[in-house]
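Every number here is computed from the coordinates shown, using simple stated rules; none is lab data. Keep in mind that what you see is a predicted model, and the values were worked out from it rather than measured. Here the Cβ is made from the backbone with ideal geometry for all residues, glycine too, and neighbour counts use every protein chain on show.
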Amino acid sequence: MSLRSSIAITAGKSSYWFLHKFRHGGTSFPGKLALALDPKVLRTLAKDYDIVVITGTNGKTLTTALTVKALKAKYTQILTNPSGSNMIQGITGAFLTAQKGTNGKKLAVLETDEANVPIICQYVTPKAFVLTNIFRDQMDRYGEIYTTYDKIIAGIKMAPEATIIANGDAPIFNSKKLPNPTIYYGFNNQPDQEQMAPANTDGLLCPKCQHILHYKQRSYSNLGKYYCPNCSFARPELTYQMTQIVDQTPASSTFVINGQEVTLHIGGTYNIYNALAAFSVASFFGVEPQASARMLSDKDEKVFGRQEVIRLGEKEVTLILVKNPVGLDQVLQMIKTDQEPFSLAVLLNANYADGIDTSWIWDGRFEDLPFARIPAVLAGGERYKDIAFRLRVAGVSEDRFAERPDLDDVLAYIKHMPTDHVYVLATYTAVLQLREKLANEGYIEGGMD
């Protein structure tokens, strides 16, 4: 280790200690400080690890958490970045704070921002890349989905021997030939039936001949058993398959992967994909299928802002991150199936980490929500006027509707909503702000982690 690296690591660790001793934490600053002192410090920190990079538009944080959970059936030393701080400074911070192990293989399972994949791969050589999906998201940062995929590929090309574990239901992950060994996972739980995706869905053109893709099975958006009716392009063979959905509620899903029944204690069809990815990674590292299913079914599941249940006085508040059209729409489709009464709050920010473009809120089908049996709806956040207008257009009646730009007022209003259960949908920085406020008031431990 060079003197420069040693100083950078010491400074980073010291700042982490201070932030967690005297503040409410902080995941990015220690890494940012270490990188300022030694831009190559990550190479030193990560040199003894087998590294899994998990990236894509939606599902990175939960897939990372579930992957760590499944791998713990076999491995005891797993480094990860659980708070969703997924750029190089946050990942560096995760290595800075890793506990020293005594023996055994050292694994690092890293949620990684799509644009940061090539940045990270300058300093580490992953053993595997996990690709969840690519949807339209933060267009001010990423552009269209093909631009996003190009950023990821730039990183993958730096590690041509790493295995790609990709969502086989996403056509984009089969669109370019790479030298890497590739494993695909996906859904195969419906009878084949000729169908097409809705016309405004992204990524429906065949990458070989530009004809519109057709489907034999489709889960949502552009994901499914696709094929081109004009050429040979089609979904690749799946190694890991979800073959049956046994039961679903807004808070859980029971399904079958490669003959193993899994009960995931978090709702949404989109989260079944995350569990399927985790199962695939664990199998790649030699975890027995029964052990993976058992670990994934463990009820102790709490992930920062991802259907996180928080007690707020007498209320049970389910906090859900929303950040792009497909993710938002899937959350709306999930909560509308709740058979119990609930209230709804939507907090919209448009900072850099959220994406400054808020037009995506119009692609979520708020109109599908059963507003007639939702007695209270709240619009909040820094862009509360935008989400308030969207909700009014969707059909929220004025006698059930409120606008609260101030976060203290938001919390006060939620406490007096007429139902015991409240769903709070919030963009990334709104989640951070809300959790910090809840930590300051003693409702949760820690705000930013």
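In table form, for the structure just shown:
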| read-out | value |
| --- | --- |
| Cβ crowding within 10 Å averaged over residues, with 197-207, 425-435 ranked highest first | 425-435, 197-207 |
| Radius 12 Å from Cβ of V431, net charge of other residues (Lys, Arg +1; Asp, Glu -1) | +1 |
| Highest average packing first - 184-193, 242-251, Cβ atoms within 10 Å | 184-193, 242-251 |
| The range 258-290-the range 337-410 distance, computed between alpha-carbon centres (Å) | 32 |
| Relative contact order for the chain, counting Cα pairs under 8 Å that sit 6 or more residues apart, in percent | 13 |
| The range 31-174 - convex hull of the alpha-carbon atoms, volume per residue in Å³ | 111 |
| DSSP bridge orientation in the chain - percent antiparallel, rounded to nearest 5 | 35 |
| Gain upon complete extension [E288, D406; 0.36 nm per residue less C-alpha separation] | 37.5 nm |
| Peptides 58-65, 386-393, 264-271 ordered by average Cβ neighbours within 10 Å, highest first | 58-65, 264-271, 386-393 |
| Computed FRET value (nearest 0.05) for F389 with K100, which takes r as the C-beta separation and R₀ as 51 Å | 0.45 |
| Convex hull volume per residue in cubic angstrom - Cα atoms of the range 89-214 | 150 |
| Cross-link partners of K336 among lysines (Cα-Cα below 25 Å; sequence separation of 8 or more within a chain) | K60, K299, K302, K315, K323, K385, K415 |
| Sites excluded, GluC sites (Glu not before Pro) in DSSP loops with at most 13 other C-beta within 10 Å, longest stretch of the chain | 1-143 |
| Per principal axis, descending, Cα span of the range 141-259 in whole Å | 41, 31, 31 |
| Spin-label model distance (nm) - H421 vs E194, 7 Å beyond Cα toward Cβ | 4.1 |
| Amide hydrogen neighbours beyond the local backbone of I356, cut-off 5 Å, H modeled | D140 |
| Additional length obtainable on full extension of the chain from E261 to K208, 0.36 nm per residue less Cα span | 15.4 nm |
| Equivalent-ellipsoid semi-axes of the range 246-299, from the Cα gyration tensor, Å, largest first | 19, 10, 9 |
| Answer label, with Cα extents along the principal axes in Å calculated from the coordinates and candidates (i) 160, 51, 32; (ii) 65, 61, 41; (iii) 68, 44, 42 | (ii) |
| Antiparallel %, DSSP beta bridges [both residues in the range 285-433], to 5 | 25 |
| Surface/4 estimate of mean projected area, convex hull on alpha-carbon atoms of the range 280-434, nm² | 10.4 |
| The chain - mean residue ellipticity at 222 nm from DSSP helices (-39,500 (n - 2.57) per run, n ≥ 4, rounded to 500) | -9500 deg cm²/dmol |
| DSSP bridge orientation in the range 116-241 - percent antiparallel, rounded to nearest 5 | 45 |
| Lysine pair count for the range 118-256 [Cα-Cα under 12 Å; pairs on different chains or 8 or more apart] | 5 |
| Net charge, Q260 excluded, C-beta distance under 15 Å - Lys, Arg +1, Asp, Glu -1 | -1 |
